[in-house]
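A short worksheet on the structure shown next.
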Amino acid sequence: MARNKEKLVLLLDVGPSMHGVLSEVEKLCSMLVEKKLIFSKYDELGVVVFGTEESNNDLTTEVGGYQNITVLQDIKVVDGDLVDTLQKLPRGTVDGDFLDAIVVGMDMLIKKYKDLHKGKKRLCLITNAIHPIKDPFEGSKEDQVMTIAEQMAAQGMKIESIVVRGRFSRDANKGVMDENDHLLSIFSKKTHTRTVYVDTPTSLLGALKTRRVTPVTVFRGHLELSPQMKIKVWVYKKTQEEKFPTLKKYSEKAPASNKLATHQVKVSYEYKSVDGYSNSVIPPEQRIKGYRYGPQVVPISTAEWDAVKFKPEKGIKVLGFTDASKIKRHCYMKDVYLFIAEPGNTRATLAVSAIARAMKEMNAVAILRCVWRQGQQNVVVGVLTPNISQNDKIPDSFYFNVLPFAEDVREYQFPSFNSFPASWQPNDQQQKAADELVQMLDLAPSGKEALLPEFTPNPVLERFYRHLELKAKQPDAAVPPLDETLKKIIEPDPELVAENKSVFDALHRHFELKQNPKLKKSSRQWYQEKQSGSNAHVSGGQAVNSIENQPPVKIEKIGDLTPVQDFEAMMSQRDNPEWVEKAIKELREKILALLIHPDGEDKYQKAVECVAALRKGCIIEQEPGPYNDLMHRIRQYCEEKGIKSLPQLLASRDLTLISKSEAEDSNVTAEEARSFFVKMEPKPDV
Amino acid sequence: MDLDPEDVFKDEEDDLDNEFYHQSESSKEYVVYLVDASPKMFNTTCAGNDQKDETHFHTAVSCVAGSLKTQIISRSYDEVAICFFNTREKKNLQDLNGVFVFNVAEREHLDRPTARLIKEFDCIEESFMREIGSQYGIVPGSRENSLYNALWVAQALLRKGSIKTADKRILLFTNEDDPFGSLQDAAKKDMTRTTLQRAKDAQDLGISIELLPLSRPDSEFNVSTFYADLIGLDGEDLAQFMPSASQKLEDMKDQLRKRMFTKRVVRRIEFQIANGLSIELNTYALIRPTVPGAITWLDSVTNHPLKTERSLICEDTGALIQEPPKLFQPYRNENVKFLPEEIAEIKRISPGKLRLLGFKPLSCLKDYYNLRPSTFVYPSDQDEITSAGAQMEPPGMHMIYLPYADDIRDDEEIFPDTEEDAPRADEDQIQKAAALIKRIYVKDFSAFQFANPALQRHYAVLQALALAEDDIPETIDETASDEEGLTRPAVVRAAEAFKHSVYGDSYDEESDMGKEKMSEASRKRKAIAENAAKDYDWGNLADKGQLKNLTVGDLKVYLNAHNLPVSGKKEALISRILTHMGK
């Protein structure tokens, strides 16, 4: 643990031009400390703010100069007070000099640790770098930066700069910004530096890695291209999901007076025989693992299993290269691995670089078979894609994604959108409206990508740590609402939506929306809006109600053979509103006729189908009257004739009155509708 | 704990615990494989896997066998029956001629597949002629109609279970496109009519009939002659049907595999494009890792399954905790407590729907933006249209779970501590690499052409044990690299050329050098160890049984010196040393 203790000094610009984003800086830094308090409790941290009215640092007292820089917190092991400090950053009054701040930070680290802990000392600068730094006494600014950078490298320090730009610095002097950017880039030539530019508060929150994970190799060894050609590589994880912290269970059984209570909960598992009468616990040594094979469970002891199980040899082999287009992006299965040449091995680096670049040129990918560890029980087949480094300091590398095996793929069949009838296909205007939407809702206009995953913090985790901090102070604190800045991650940018209002309006115009009556009944009560006719969105056709998708053959009369289909076709004939009225009327007649002359052995089946169709149609058209009328007549008829089966059939399919909640014009409450057929039951009809 | 609060990326089978109980009823599938066993199935052959001719009967049977094996693994709650028609012998409940229901002991006719069924079905071809026999069931002058009988038997087999809880299907394998072709007009008409009526009756009961036709090399299977009516194909479907039905076994297996899985929706979700404009979508898990089934603990004495009981015990008082306990996180020297509901509340950051944030060009989707298998979405409420065409990629959208900043690591940026730039390959080296890549180029690679060797092995072992067989069948590791191909002279030459351009002449030295450099510390250790190893008279100690008097450290010195593993307890170390000495 101790060897990984990080020593970090935060250098925060609190000058007037930074005030707009300081609340995000506060959140970001306190989050950093909150995470440190949980995951790396022994890390040490100091805080320096610059751009303050007063000056308070060692250098200004010792040598003078270094004005407007305040050491808010000397380097110390992280604790709760630090969170409080960082949550209330002072608002500065002058434009700070970030280079001075860097020097102050370095001075703190040097004084405290001398030249020990190489590589564990880190500076983190958050500034907008829009104000010029002071001219040095001698030499140029560049020379000065160069000297500092060299000193930094000698001391084994790293620096991470987060430069806040974009709309926070619109009216800044471009020349100064360019100069500052150039100065900062010098650092990256000399030392280990990470400089990121962020332009929204949201990405600022994601810009700083708030939790440091010590990288661990998954594999060290040869990447075998052929038996003769092997390259030494190290494999790391490139992405790994940061999980929600695993919380421990808390026991309240111990009396409050017991100060030593751990409140821990032990989870114990007992294995009992199922047969009921002997409720005995089976000791571990008497247990044996069983695997299902069809209806059987096959017992296998661990030793037996070890003898026969699949035991591949450790190693990574290239199975072949193939065209990049052969590998579909959605086939990637898991988190991603990173293959780099063995560090310090120049020729391996060259070999990786040559292959990566050749692959890039040929648009090829490699298929790999990997066994990371000896004794691993399975193999991994995946695809290796080149990663050409844009940074001169960083060697080329590969990314590796796991591909599915044949067993992992379920080949469900879906109808092709093109094979849908023409009435479901988008018409030109709809297509145009959708095209426009795609164009206007661009999140990456001219290279400025919004919501870049690298800078998008996980809102759930952010909320958890904030709640944790709140609870530490006040145990019954309510769950805080999601941070406004983070809303951008889960909701469309209101600005973007407002700018493109016309596009959305066009979309609304061209896509007539309908409620989906079928789904209203479903247990999941989404408020369901339904697109009728056709659909042009990228996702393709939406649920299309059968009523609208009949072939455009004019149906003018509801026949005896297929009354339901005829009715639906008629309802969908949009050229004249009279069709609807006619269809409803005709179907009503048909139903009544079917009641009086039941059709064949399935008796009322057909009538019930018609009733169902009529109900659906009437809800869509918001015309509850004719339908409810009919229902009353049916009830009356059944009561008179003593027909029991039909009401039961109707009730079983929920074909009751249309209530007010389904159609505005109805004067039937939901309660009434429900009890419509129930009411008649008490009347004996024998 | 999971960070996918809406379970969009969940698999419907994630709940392995529940699967045992609930999957059994709700979504079962009953399948009857109806295999034509007429002499024609044995007479016609087609080019098989390895260019050898095989009979259509063999094709159909091996197809069924293959699907049974998949079924027992992935959908073992489904029930199957295998039924031959146009047979000499008869065996069915109705005692109809020309229909033989194949079954094994301890199993109902329509039941879950068992290891024994698979084993005996695997060798059915050997005994088929002897025990079941092949014979035309429809001959002029007879009133027998074996196809009619077969459909009747199949329908009767599928009588079990309610249509609400189960999918019922008949899969019909045949190469006879005109079963009543040999008959005279009136009889033909009559039989055609009754057979179609029988099929329609079955379909009315909710049983779907699917046809897997086999074409003869000389004449293609003509669906429209008879079967189009039977399975209810018309218009465009009919046109699409035939190209998919092929004579090749591989295609047939493929077909069957695709039809074996019924689509299952993971969940239904609303996709909100703009305010007041949303689409209802179904999500499907098209790609999810298949793992060996869950372990069931057994009592090794009785082999009865055991029930696992989980109990929470307070460590302070030893009391049993009944209600779901609070959770806590140590923080700032105290325990911050959370109610389970609060955790759920924290995770619920948005209402359960998809919202459109905007669009980005595909180039923004980096190769490393991936954490989980993708989820496929397709508009819901679509009335099923089953097309028989072979579909390579379904239309719709794939959802990819992107990482957050917290999930991405920058490990490639760790190392450059040097002042020089990282080495880059020059043009010549890239050319040589490209030449090598061209030599090992696979033209038609498919992302999921490999079977998982570990899983194959797992089930091979299970099958052997379930049948109490002594030998475990060898499984082929399809992922093994093509050693032979890689030693082709052209490949070797290309590899050598590339190696030379990057490593110069000293490739082998380099690898040796690396080893030395790496092991400098360990070499020192080894040297010490070797010296130390000499200090003891190991043989003498071992003879006297005094090894146990040495410390583990001393023992390890010996093991190190002889390149033996140093893991395990002291007894293990001693026994390893003794084995090594041959004592």
Note to self: Name the single residue that is nearest to A:Lys266 (Cα to Cα) among those in region B:311-333 being more than 7 Å from every other protein chain (Cβ to nearest Cβ) and part of a strand (DSSP E or B).
What the structure shows: B:Leu320
Notebook entry, point to check: What number of residues in region B:134-163 are farther than 20 Å from B:Lys28 by Cα, touching a strand residue (DSSP E or B) at 6+ places or on another chain (Cβ under 9 Å) and either at pLDDT 80 or above or not small (Gly, Ala, Ser) (or both)?
Noted result: 8
Margin query: Checking the conditions here, which among A:Glu54, A:Glu24 is modelled with pLDDT of 80 or more, part of a helix (DSSP H, G or I) and in the same structural domain as A:Leu125 (by the TED database)?
Written below: A:Glu24
Margin query: Looking only at helices (runs of 4 or more DSSP H) that lie completely in region A:442-504, which have at least 1 residues being crowded, with 19+ Cβ neighbours inside 10 Å and of a type outside the set (A, V, I, L, M)?
Written below: A:459-473, A:484-490
Notebook entry, point to check: In region A:610-643, which residues are outside any helix (DSSP H, G or I) and loosely packed, with under 15 Cβ neighbours inside 10 Å?
Noted result: A:Gln622, A:Gly642
Check: What's the number of the condition A:Val379 fails, among (1) crowded, with 20+ Cβ neighbours inside 10 Å; (2) under 28 Å from B:Asp477 (Cβ atoms); (3) within 7 Å of chain B (Cβ to nearest Cβ); (4) in contact with a Phe, Trp or Tyr (Cβ under 6 Å, 6 or more places away or on another chain)?
Finding: (4)
Notebook entry, point to check: Just one of the numbered conditions (1) in contact (Cβ under 8 Å) with a residue 40 or more places away in the chain; (2) surrounded by 20 or more Cβ atoms within 10 Å (Cβ to Cβ); (3) closer than 15 Å to B:Phe84 by Cβ is not true of B:Phe102; which one?
Noted result: (1)
Check: Which members of region A:322-343 meet the condition of being within 16 Å of A:Val381 (Cα to Cα) and outside any strand (DSSP E or B)?
Finding: A:Ala324, A:Lys326, A:Ile327, A:Lys328, A:Arg329, A:His330, A:Cys331, A:Tyr332, A:Met333, A:Lys334, A:Asp335, A:Val336
Next item on the list: Being hydroxyl-bearing (Ser, Thr, Tyr) and part of a strand (DSSP E or B) is the filter; apply it to region A:360-399 and report the residue that is farthest from B:Asn452 (Cα to Cα).
Entry: A:Ser397
Notebook entry, point to check: Can you tell me which residue in region B:562-579 is surrounded by the fewest Cβ atoms within 10 Å (Cβ to Cβ), limited to those that are outside any helix (DSSP H, G or I) and among the polar types (S, T, N, Q)?
Noted result: B:Asn563
Notebook entry, point to check: Restricting the search to region B:44-69, which residues are among the small types (Gly, Ala, Ser), modelled with pLDDT under 80 and touching a Ser or Thr at 6+ places or on another chain (Cβ under 9 Å)?
Noted result: B:Gly48
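Matching residues to (1) buried (at least 20 other Cβ atoms within 10 Å of the Cβ); (2) within 7 Å of another protein chain (Cβ to nearest Cβ); (3) closer than 30 Å to B:Thr302 by Cβ:
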position	(1), (2), (3)
A:Asp306	no, no, yes
A:Glu313	no, no, no
A:Lys317	yes, yes, no
A:Phe321	yes, yes, no
A:Lys328	no, yes, no
A:Cys331	yes, yes, no
A:Phe339	yes, no, no
A:Ala348	yes, no, no
Checklist line | Flag for A:Tyr66 being assigned by the TED database to the domain that holds A:Met177 and touching a Lys or Arg at 6+ places or on another chain (Cβ under 7 Å) | finding: no
Next item on the list: Considering each residue of region B:177-195, count those that are part of a helix (DSSP H, G or I) and of a type in the set (Gly, Ala, Ser), and give that number.
Entry: 2
Notebook entry, point to check: Within region A:298-321, is there a residue that is in a strand (DSSP E or B) and within 17 Å of B:Thr308 (Cα to Cα)?
Noted result: yes
Check: Within the set of pairs 6+ apart or on separate chains, which have a first residue in region A:564-578 that is among the polar types (S, T, N, Q), a second that is part of a helix (DSSP H, G or I) and modelled with pLDDT under 75, and C-beta atoms under 6 Å apart?
Finding: A:Gln573/A:Trp579
Next item on the list: Output the number of the condition that A:Gly221 fails; it satisfies all remaining conditions of (1) facing chain B (nearest Cβ under 8 Å); (2) over 30 Å from A:Thr147 (Cα atoms).
Entry: (1)
Notebook entry, point to check: Can you name the condition, by its number, that A:Glu160 falls short on among (1) on the phi > 0 side of the Ramachandran plot; (2) surrounded by 15 or more Cβ atoms within 10 Å (Cβ to Cβ)?
Noted result: (1)
Note to self: Please pick out the residue among A:Asn387, A:Asn363, A:Asn401 that is in contact (Cβ under 8 Å) with a residue 24 or more places away in the chain, under 23 Å from B:Asp410 (Cα atoms) and more than 7 Å from chain B (Cβ to nearest Cβ).
What the structure shows: A:Asn387
Check: With B:Ser350, B:Ser300 as the choices, which residue is of a type in the set (Ser, Thr, Tyr) and under 23 Å from A:Ile490 (Cβ atoms)?
Finding: B:Ser350
Check: Restricting attention to region A:281-297, which residues are within 7 Å of another protein chain (Cβ to nearest Cβ) and either assigned to a strand (DSSP E or B) or surrounded by 19 or more Cβ atoms within 10 Å (Cβ to Cβ) (or both)?
Finding: A:Ile282, A:Arg287, A:Ile288, A:Lys289, A:Gly290, A:Tyr291, A:Arg292, A:Tyr293, A:Gly294, A:Gln296, A:Val297
Note to self: Out of the residues in region B:496-520 meeting the condition of being surrounded by 12 or more Cβ atoms within 10 Å (Cβ to Cβ) and either over 19 Å from A:Thr346 (Cα atoms) or among the acidic types (Asp, Glu) (or both), tell me which one is modelled with the highest pLDDT.
What the structure shows: B:Glu496
Next item on the list: Could you tell me which of the residues B:Cys83, B:Cys123 is of a type in the set (A, V, I, L, M, F, W, C) and either within 22 Å of B:Thr174 (Cβ to Cβ) or crowded, with 20+ Cβ neighbours inside 10 Å (or both)?
Entry: B:Cys83
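The values are calculated or read from the model by the stated rules, or taken from the named source; none is laboratory data. It should be emphasised that the depicted structure is a prediction, and the values quoted were computed from it without experimental measurement. Every residue, glycine among them, receives a Cβ derived from its backbone with ideal geometry; neighbour counts consider all protein chains shown.
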